[in-house]
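This report refers to the structure that appears directly beneath it.
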Amino acid sequence: MGLTQCYKILSAHLVDGELRTGESIKIGIDQTLTQDATGTMAYLEFESMGIDKVRNELALSYVDHNTVQVGFENADDHEYLRTVADKKGVIYSRAGNGICHQVHLERFALPGKTLLGSDSHTPTAGGIGSFAAGAGGLDVALAMAGIPFSIIAPRVVGIHLTGALKPFVSAKDVILKVLERFGVKGNVNTVFEYYGDGVKTLSVPERATIANMGAECGVTTSLFPSDENTLAFLKAQGREEGFVELSADPDAVYDEIFELDLSSIEPLAACPHSPGNIKTVRELSGMAVNQVLIGSCTNSSYMDLKKAATILRGHHIAPSVSLGVAPGSREVLLMITEDGTLDTLIKAGARILESACGFCIGNHQSPGTESVSLRTSNRNFYARSGTPSANVYLVSPETAAFSAITGVFSDPRESDADLSGITMPSSFIIDDSMFIKPAFSEEIKRGPNIGEPPVNTPLPEKVKGHAVIKVGEKITTDHIMPAGARLKYRSNIPRYSEFVFESVDPSFPARAAAYRDKGECGFIIAGASYGQGSSREHAAICPMYLGIRAVCAVSIERIHQANLCNFGILPLLFRNEEDYEKIDQGDELELLNPRDAVVSGKFILHDITKGLEIPMDLFASEDQRRTLLAGGRLNEVKA
Ligand code: MIC
Ligand code: SF4
């Protein structure tokens with residue numbers, strides 16, 4: 001039986017376990033990446049392991065999330081990151097060099113390599129054929145220490161692409177179509193593998209857009225073959241020596257196949273407040289638009305901006321619309337400056353934003369009250385933009401640009417622009433001067449906002465306390481740990497903890513801390529798909545700091561489940577989903593014999609208030625069970 005591309009890469013990197021779907025395996029990690037918002041904690045954790053130098057093939061530290069720098073905190077974090085990178089052998093990508101995933105794709109990602117990044121959109125590099133997964137900062141720190149990464153050998157869904165995209169329909173519409181089919185929950189421990197004749201019609205940056213938003217489905221990663229288009233991209237980046245051809249065997253067997261004819265796709269949009277809430281642009285057309293933002297790690301490549309500019313050329317944005325454009329990297333910025341694209345954008349009325357995450361994470365450009373914002377980014381979670389009442393729609397650069405001119409949601413197929421000549425250039429402008437290679441000469445600098453990573457206590461014999469909060473389904477890490485204006489506290493856990501569940505229930509931190517200070521263990525009760533979205537381990541660290549010891553949910557997303565284990569919080573699932581309904585916020589709860597239950601995986605949750613015994617399951621690897629007993633991974637690594 002032939003192998004999928006996914007299993008070919010996994011078998012070449014297998015360190016431990018049996019490569020059978022559903023089994024827990026360990027793989028060696030070639031490349032790592034961090035970004036500043038998760039990176040400070042990751043390097044503090046790496047430092048606390050007492051290792052002098054990173055041990056994996058290539059380690060990158062990007063600064064792209066917190067570049068707004070209101071107050072001293074972010075600038076101090078950057079200095080810490082620069083100096084710790086120098087000391088530990090990590091290449092540092094300075095603020096201004098661009099968004100980690102875009103820059104990594106351009107300059108470092110390679111087919112057949114494994115990449116682990118402390119950011120959920122690390123799978124962007126799947127567009128070039130790299131097995132690239134997102135993880136919490138601690139898992140990435142461990143990979144930098146040369147420790148293999150544990151995953152569940154995934155089921156592989158083959159996405160069979162045929163045909164070719166029609167004019168004004170783009171890669172973004174392809175992934176929105178995939179999201180329409182697979183949704184944002186229920187795809188844990190799955191990999192999307194694209195194959196078929198349609199793949200040849202897509203360039204690497206287009207493939208990267210599709211791989212990027214697989215993260216919204218919750219898959220471990222997405223993979224494209226490495227073929228002549230991959231070679232063309234690597235050549236254009238002056239990196240052809242890294243090329244290897246890679247694809248599934250012709251007789252590879254997939255666990256499921258999704259047939260997708262590219263020519264059948266039309267412009268789509270993800271509606272508020274979920275990337276899985278898909279409608280056609282036609283259905284939405286005519287709705288007034290207030291803001292249009294083009295950029296983010298999904299859609300900020302040279303071709304994306306060139307297509308948007310071509311639609312905008314000769315027009316001016318509608319008076320009611322504010323248009324912002326954030327090129328994904330300095331390379332993209334240099335390219336659009338040289339060929340006049342920037343000039344077109346400026347003349348059309350675009351506000352040129354920094355090559356950084358910026359608006360995507362709610363750092364700036366918050367839309368007005370109850371306004372409509374069209375964005376080419378990947379997440380429209382409630383309140384992520386910084387304006388809870390705003391309605392954010394995720395669209396392609398083509399739809400965004402055309403709607404910016406008309407002032408209403410508009411189908412770009414009605415534009416009279418000619419996009420046919422826009423293809424990937426045969427060479428990009430290469431300038432690596434914003435990368436700093438380690439010289440091992442710096443002293444590590446720590447500003448006053450940078451604290452030690454907090455450590456949990458081993459799992460106690462008695463886990464008793466209250467349901468501190470009960471939340472519904474699809475609770476994202478943005479609900480748990482807001483970014484935007486709060487992002488600058490990422491290195492200061494006590495301060496950041498004051499904002500846990502800010503948009504859901506601002507009284508949560510005080511309530512949790514009060515229980516904690518009485519010596520209780522806190523519980524979070526949640527519905528399906530708890531912790532979807534970001535890889536931010538702060539969504540585990542800060543609740544842990546507030547005394548949370550267990551999350552009892554209908555289901556928990558992969559990266560968040562791993563982060564909970566890493567910090568000693570029990571990720572428990574209701575054996576009978578309907579039991580979720582029986583517990584109320586404020587109920588007194590106890591887990592019976594928790595240490596034994598970690599070993600057996602079978603828990604009994606005693607709801608003392610209701611007089612109920614509720615069966616719960618722990619799905620965790622052997623390693624994770626040990627970690628939970630120890631009260632977190634740092635306790636084990638330090639021991
Ligand atoms: C995001 O898009 O939510 C982020 C910000 O990039 C996060 C990482 C973080 O919270 O720092 C992610 O996707 O992992
Ligand atoms: Fe940055 Fe947005 Fe991409 Fe996250 S999704 S890495 S915030 S651009």
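The values are calculated or read from the model by the stated rules, or taken from the named source; none is laboratory data. Treat the numbers as computed from the prediction; the structure is a model and nothing was measured. As a convention, Cβ positions derive from the backbone with ideal geometry for all residues, glycine included, and neighbour counts pool all protein chains shown. Surface areas here come from the heavy atoms of the whole protein model, side chains and all, with no ligands, DNA or RNA. Shrake-Rupley method; radii C 1.70, N 1.55, O 1.52, S 1.80 Å.
For this structure, a couple of remarks:
- Shape summary of region 69-197, radius of gyration then Dmax from alpha carbon positions: 17.7, 52 Å.
- Ranked by how many other beta carbons lie within 10 Å on average, peptides 619-632, 233-246, 426-439, 199-212 from highest: 199-212, 619-632, 233-246, 426-439
- With all protein chains in place and ligands, DNA and RNA left out, the 1.4 Å accessible area ranks Lys610, Lys53 as Lys53, Lys610, largest first.
- Difference of contour (0.36 nm per residue) and Cα-Cα distance, His316 to Ala164: 51.6 nm
- When the Cα gyration tensor is reduced to axis lengths a ≥ b ≥ c, the ratio a/c is 1.5 or higher for region 416-561, and with a/b not above b/c it is classed as oblate.
- Assuming charge only on the beta carbon of Lys and Arg (+1) and of Asp and Glu (-1), the dipole of the chain about its Cα centre is about 880 debye to the nearest 20.
- Gyration tensor (alpha-carbon) shape descriptor, region 1-142, a/c threshold 1.5: prolate
- Pairs of alpha carbons in region 203-289 whose separation is greater than 16 Å (percent): 71
- Efficiency of FRET between Glu414 and Glu241 - r from beta-carbon atoms, R0 51 angstrom, step 0.05: 0.70
- Share antiparallel - DSSP beta bridges, the chain, percent rounded to 5: 35
- Listed by chain and number, the lysines whose alpha-carbon sits under 25 Å from that of Lys306, ignoring those within fewer than 8 places in the same chain, are Lys166, Lys172, Lys177, Lys200, Lys235, Lys347.
- Calculated SAXS-style log₁₀ I(q)/I(0) at q = 0.26 Å⁻¹ - region 248-328, Debye, Cα scatterers: -1.41
- Surface share of carbon and sulfur [accessible, 1.4 angstrom probe, percent] for the chain: 50
- Cα gyration tensor shape of region 325-434, rounded if a/c is under 1.5, else prolate or oblate by comparing a/b with b/c: oblate
- Bridgeable aspartates and glutamates around Lys610 (alpha carbons under 13 Å apart, same-chain partners fewer than 8 residues away excluded): Asp579, Glu581, Asp584, Asp587, Glu588, Glu590.
- Relative contact order for region 90-148, counting Cα pairs under 8 Å that sit 6 or more residues apart, in percent: 28
- Convex hull of Cα atoms in region 430-481, direction-averaged projection (nm²): 9.5
- Euclidean distance between Cα centres, region 240-262 to region 585-619, Å: 44
- Antiparallel bridge percentage (DSSP; both residues within region 1-123; nearest 5): 15
- Cα→Cβ-extended label distance, 7 Å offset, between Lys518 and Glu442, nm: 4.7
- With all protein chains modelled, accessible area of Met49 [1.4 Å, Å²]: 30
- Accessible surface area normalised per residue over the chain is 33 Å², counting heavy atoms of protein chains with a 1.4 Å rolling probe.
- Secondary-structure-derived ellipticity at 222 nm for the chain, considering helices only, amounts to -8000 deg cm²/dmol, per-run term -39500 (n - 2.57) for DSSP H runs with n ≥ 4.
- Extending 7 Å from Cα along the Cβ direction at Asp584 and again at Asp16 yields two label points whose distance is 4.6 nm.
- Partner lysines whose Cα lies under 23 Å from the Cα of Lys87, excluding those fewer than 8 positions away in the same chain, are identified as Lys53, Lys437, Lys445, Lys638.
- P(r) histogram, all alpha-carbon pairs of the chain included - 10 Å bins from 0, percent: 3, 17, 28, 28, 17, 6, 1, 0
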